[in-house]
Amino acid sequence: MNMPATKMDIETAKPAGAAAPVVAMTPKRPPRTETYARMGRETAVRVIPPLVVIALLMLVWELVCRRAGSALPPPSKVFKDTKELILDPFFDHGGIDKGLFWHLSASLQRVALGYSLSAIAGIALGVLVGQSVWAMRGLDPLFQVLRTIPPLAWLPLSLAAFRDGQPSAIFVIFITSIWPIIINTAVGIRNIPQDYRNVAAVVQLNPLEFFAKIMIPAAAPYIFTGLRIGIGLSWLAIVAAEMLIGGVGIGFFIWDAWNSSHISEIILALFYVGIIGFVLDRLIAGLGKIVTRGTAQG
Amino acid sequence: MTAYLKLDHIDKIFTRGAAATEVLKDINLTIEKGEYVSIIGHSGCGKSTLLNIIAGLTTATIGGVLLENREVNSPGPDRAVVFQNHSLLPWLTVYENVKLGVDKVFARTKTRAERDAWVMHNLNLVQMAHARDKRPSEISGGMKQRVGIARALAMEPKVLLLDEPFGALDALTRAHLQDSVMALHQKLGNTILMITHDVDEAVLLSDRIVMMTNGPSARIGEVLEVPLARPRKRLELATNTTYLKCRQRVLEFLYERHRFVEAA
């Protein structure tokens with residue numbers, strides 16, 4: 001009986017005394033510092049482990065390749081050899097003697113063109129195959145065979161057809177990235193719930209309205225899966241294709257560096273290719289996230 | 001008296017390869033304008049198939065549906081459906097879901113501003129105007145079904161088809177929505193055809209209850225008039241002898257004469 005009473009006395013005594021101003025300050029401050037601390041911690045949790053792994057790998061690489069007569073340069077030498085290329089990516093001495101920016105941008109332009117074409121054609125064909133049973137029966141076996149052909153196997157044929165490197169490279173991008181777009185779009189269209197089709201039927205949407213208002217939004221998550229696989233494949237294909245067609249482009253830059261025994265430049269180029277491939281993938285994934293925001297089943 | 005909606009000798013046979021299953025056999029039914037008719041039966045008896053035939057989503061093998069003496073065999077907004085699982089398009093807001101139908105039905109007869117006002121009017125009827133900018137995933141099951149009803153009402157259908165509209169809801173929400181639908185029927189005088197498997201719901205809401213025998217080859221077993229005055233009050237009816245008698249009749253039909261064998 002006695003204990004609670006004393007406890008209450010103590011609690012009421014405190015705010016009345018010197019603690020009052022502190023009480024007024026504390027409710028605002030700790031949450032904010034806490035959020036910053038939490039954000040900092042979350043970032044650290046994501047950033048520190050890969051940094052540690054990278055540092056360790058660099059260390060191993062440095063140790064392995066450091067001794068004389070090693071076939072590959074250690075990271076310190078790579079950096080020393082390619083310092084100019086890293087610091088000035090924009091120089092242009094004519095011909096193919098250009099900064100890395102120009103090589104990468106030439107490759108990206110080819111990918112942009114080839115990939116845009118394959119996105120348009122892929123979604124259109126995917127809709128056709130997903131919507132029509134006869135189109136599926138007719139085209140699906142063809143797609144299943146064609147999609148297994150490696151990208152570079154198309155190159156000689158396209159060179160023969162176009163008689164020029166540029167359109168051939170774009171065609172290789174196109175033919176490489178179109179299959180996952182077609183197949184995923186078709187699956188998305190086939191999986192549109194019957195309920196949505198019923199709604200469209202009752203409302204009497206015409207085929208064009210059905211396409212724009214029901215089909216594309218309903219299949220959007222699938223379409224973006226296809227688009228994302230497609231962008232990855234087209235970036236894989238462009239480097240290989242450019243090695244063979246020559247001219248300005250990151251693929252030929254790598255081949256040229258190999259022919260001149262500039263191993264450090266190859267390593268730098270690989271680094272850029274990886275980063276850009278990653279960014280392209282994130283870009284399409286981010287776009288998909290924005291576009292398909294509302295399509296999750298409610 | 002001329003029938004407003006007439007189901008004329010409807011047979012439905014599903015064929016899969018060589019096997020043919022007769023689902024519905026010789027369904028005849030006439031419904032008057034402004035009438036509220038329920039179709040009740042055990043699951044699998046073909047109630048939903050019948051509703052789909054009326055909606056035009058499937059076609060009858062034999063026989064047909066006449067609406068105001070004209071045959072209807074394709075879907076259209078004059079027979080708007082409230083689907084069991086609401087079927088709202090998840091990428092559209094509540095407002096846009098209702099507007100989808102309104103824009104099509106009143107494309108020529110109403111101006112843009114009038115269509116907007118009409119959408120809001122119908123959302124107000126089901127008390128969902130406050131959620132106009134929400135997406136279906138952000139509102140409760142009962143609210144979704146309200147929006148589904150608003151979408152159907154907004155098309156000004158000649159017949160409103162309800163396909164087990166309250167089946168997926170909890171008991172309290174269901175009762176609340178039943179009251180709403182009753183109030184709407186009272187206010188707007190729609191002709192309503194409802195599929196249900198809930199005896200109380202059928203008796204409470206309907207002017208007539210159509211009881212179906214078990215499939216295959218389901219027929220209309222019996223049609224029961226519910227001579228209860230409107231507006232009906234759920235609580236008062238609980239002790240009303242007419243209500244109890246009607247309820248008893250439906251229960252006897254479903255559980256004695258046409259017991260669902262597979263469920264045993």
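The values are calculated or read from the model by the stated rules, or taken from the named source; none is laboratory data. Everything quoted here is computed from the prediction, not taken from an experiment. All Cβ positions, even for glycine, are placed from backbone atoms using ideal geometry, and neighbour counts span all protein chains on display.
Overview of results
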read-out	value
Helices (runs of 4 or more DSSP H) within the stretch A:132-234 that include 2 or more residues charged (D, E, K, R)	A:133-146, A:194-203
Residue in the stretch A:249-268 that is surrounded by fewer than 22 Cβ atoms within 10 Å (Cβ to Cβ), among the aromatic types (Phe, Trp, Tyr) and in a helix (DSSP H, G or I) present	yes
Qualifying residue in the stretch B:204-214 (condition: under 27 Å from B:Leu251 (Cα atoms), within 14 Å of chain A (Cβ to nearest Cβ), hydrophobic (A, V, I, L, M, F, W, C) and in a strand (DSSP E or B))	no
Residue pairs meeting the criteria (Cβ under 7 Å; at least 6 apart or on separate chains; first over 21 Å from B:Arg135 (Cα atoms) and free of Cβ contacts under 8 Å to residues at least 40 places away in the same chain, in the stretch B:145-172; second of a type outside the set (Ser, Thr, Tyr) and in a helix (DSSP H, G or I))	none
Residue list for the stretch B:197-220, filter: buried (at least 24 other Cβ atoms within 10 Å of the Cβ), closer than 16 Å to B:Glu35 by Cα and in contact (Cβ under 8 Å) with a residue 60 or more places away in the chain	B:Ala202, B:Leu205, B:Ser206, B:Ile209, B:Val210
In the stretch B:89-104, the residues that are of a type in the set (Phe, Trp, Tyr) and either more than 7 Å from chain A (Cβ to nearest Cβ) or over 14 Å from B:Ser137 (Cβ atoms) (or both)	B:Tyr95
Evaluation of B:Asn85 against (1) closer than 21 Å to B:Asn124 by Cα; (2) at the interface with another protein chain (Cβ under 7 Å from one of its Cβ atoms); (3) of a type outside the set (Val, Ile, Thr) (one fails), failing number	(1)
Residue within the stretch A:238-248 that is touching a residue at least 12 places away in the same chain (Cβ under 8 Å), more than 14 Å from chain B (Cβ to nearest Cβ), at negative phi and not aliphatic (A, V, I, L, M) present	yes
Meets criteria (modelled with pLDDT of 85 or more, out of contact with any His (no Cβ under 8 Å at 6 or more places or on another chain) and surrounded by 10 or more Cβ atoms within 10 Å (Cβ to Cβ)) for A:Val23	no
Criterion (within 14 Å of chain A (Cβ to nearest Cβ) and closer than 24 Å to B:Asn52 by Cβ) met by exactly one of B:Ala107, B:Ala150, B:Ala131	B:Ala150
Some residue of the stretch A:76-91 being part of a helix (DSSP H, G or I) and either acidic (Asp, Glu) or within 30 Å of A:Ile182 (Cα to Cα) (or both)	yes
Every residue from the stretch B:218-240 that is touching a strand residue (DSSP E or B) at 6+ places or on another chain (Cβ under 7 Å) and more than 16 Å from B:Arg257 (Cα to Cα)	B:Glu225, B:Val226
Hits in the stretch B:161-184 (condition: closer than 14 Å to B:Ile149 by Cα and hydroxyl-bearing (Ser, Thr, Tyr))	B:Ser180
Matching option when the condition is of a type in the set (D, E, K, R) and within 11 Å of chain A (Cβ to nearest Cβ), among B:Lys47, B:Lys144	B:Lys144
Enumeration of residues in the stretch A:249-295 that are touching a residue at least 12 places away in the same chain (Cβ under 8 Å) and within 14 Å of chain B (Cβ to nearest Cβ)	A:Gly288, A:Val291, A:Thr292, A:Gly294, A:Thr295
Entirely in the stretch B:46-132, the helices (runs of 4 or more DSSP H) that have 3 or more residues that are touching a His at 6+ places or on another chain (Cβ under 6 Å), crowded, with 22+ Cβ neighbours inside 10 Å and of a type in the set (D, E, K, R)	none
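Rundown of residues vs (1) within 14 Å of another protein chain (Cβ to nearest Cβ); (2) touching a Cys at 6+ places or on another chain (Cβ under 7 Å); (3) surrounded by fewer than 20 Cβ atoms within 10 Å (Cβ to Cβ); (4) farther than 28 Å from A:Ala285 by Cα, yes/no style:
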position: A:Ser132; (1), (2), (3), (4): no, no, yes, yes
position: A:Ile149; (1), (2), (3), (4): no, no, yes, no
position: A:Ser158; (1), (2), (3), (4): no, no, no, yes
position: A:Phe162; (1), (2), (3), (4): no, no, yes, yes
position: A:Val172; (1), (2), (3), (4): no, no, no, no
position: A:Thr185; (1), (2), (3), (4): no, no, no, no
position: A:Pro193; (1), (2), (3), (4): yes, no, yes, no
position: A:Glu209; (1), (2), (3), (4): yes, no, yes, no
